[in-house]
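Taking it in order: structure first as C-alpha cells, then the write-up.
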Amino acid sequence: MNDVNETNALLQSPAGDFTFIDLFAGIGGMRLGFEAVGGRCVFTSEWNTWSQKTYAANFQDRHPIAGDITAIDAKEIPDHDLLVAGFPCQPFSIAGVSKKNALGRPHGFECKTQGTLFFDVARIIEEKRPKAFLLENVKNLARHDKGQTLAIILETLEQELGYHVTHKVIDARQFLPQHRERIFIVGFEKDSGFSWSDLPLPSADTKSPTLKTVLQS
C-alpha cells in the first residue's frame with residue numbers, strides 16, 4: 001500500500017456505522033459480532049494459511065488478508081474507529097504453560113514466537129489511535145506470572161498509550177455447549193463511562209445449549 005487514503009476508498013466491506021480492523025482474525029468469529037451491530041471491517045490480519053482460506057470464503061472481502069502482523073507497517077493500516085484483536089493465548093493458557101514447562105520452553109512474554117505479539121497490537125494502537133479497542137485472551141492471562149503479565153499489559157495501555165481501560169472474565173457457556181472463560185480487555189481513547197455492569201449477559205444459572213443445537217443438519 002502506497003496511498004492509505006486510496007486504499008481506504010478501494011478496499012472496503014459494505015458501508016457501516018463504524019469501521020474496525022480484525023487482528024489475529026482466525027476464521028472471523030469476532031468480526032461477526034461487530035458486523036452484526038453495524039461495523040465495517042477495513043483491514044484483516046491472520047497468518048495461518050488455512051484460516052485465511054476459510055476467512056476469505058466466509059466474508060469475500062475486497063480487501064486482502066494481511067499475514068504476519070510483525071511484518072506489517074502500522075502506517076499502512078487504514079484508519080479505523082475500533083481495533084479488535086484476539087492475540088495468541090497459548091503462551092498464557094494453563095495447558096500452554098504446562099506444556100512449555102514440561103518441554104523446558106519459555107512461556108508468556110518470554111515466548112518470542114507468540115508471547116510478544118501483544119506489543120504489535122500496542123504499536124498499532126499507538127500509530128492509529130482508534131477510538132476504542134477490544135482485546136481477548138484466555139482467563140489465565142489474569143493470573144499468569146502471578147499477575148505480572150496482565151499488569152504489564154494494563155500499564156502499556158493505560159500509562160503509555162493513555163487509554164481508559166477495564167477488563168472482565170466472561171464465561172460463554174450460556175452461548176456455547178462448553179465452559180469457555182475468556183478475559184476481555186476494553187479501552188477507550190476518551191472516558192466513555194463504560195461499565196461492565198451495563199452489559200446484558202445471561203444469568204449464571206442459564207442452561208447451556210447442547211451440541212446438537214449448534215451443529216448444522
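General remarks:
- Cβ-Cβ distances below 7 Å connect the following pairs, each with a first residue in region 189-211 that is under 28 Å from residue 80 (Cβ atoms), a second residue that is surrounded by 12 or more Cβ atoms within 10 Å (Cβ to Cβ) and of a type in the set (S, T, N, Q), and a separation of six or more residues or different chains: 194/166; 196/166.
Let's see how each residue does on (1) closer than 30 Å to residue 190 by Cα; (2) touching a residue at least 24 places away in the same chain (Cβ under 8 Å); (3) in contact with a helix residue (DSSP H, G or I) (Cβ under 8 Å, 6 or more places away or on another chain):
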site	(1), (2), (3)
50	no, no, no
54	no, yes, no
59	no, yes, yes
71	yes, no, no
79	yes, yes, yes
84	yes, yes, yes
87	yes, yes, yes
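- In the set (1) of a type in the set (Gly, Ala, Ser); (2) modelled with pLDDT of 85 or more; (3) surrounded by 14 or more Cβ atoms within 10 Å (Cβ to Cβ), the condition left unmet by residue 96 is number (2).
- Where a residue in region 16-34 is in contact (Cβ under 8 Å) with a residue 24 or more places away in the chain and under 19 Å from residue 129 (Cα atoms) and its partner, wherever it lies, is of a type in the set (D, E, K, R) and buried (at least 22 other Cβ atoms within 10 Å of the Cβ), with Cβ under 7 Å and at least six apart: 22/31; 24/46
The values are calculated or read from the model by the stated rules, or taken from the named source; none is laboratory data. The structure presented is a predicted model; accordingly, all values stated were derived computationally and were not measured. With ideal geometry, Cβ positions are generated from the backbone for all residues, glycine too; neighbour counts draw on all protein chains shown.
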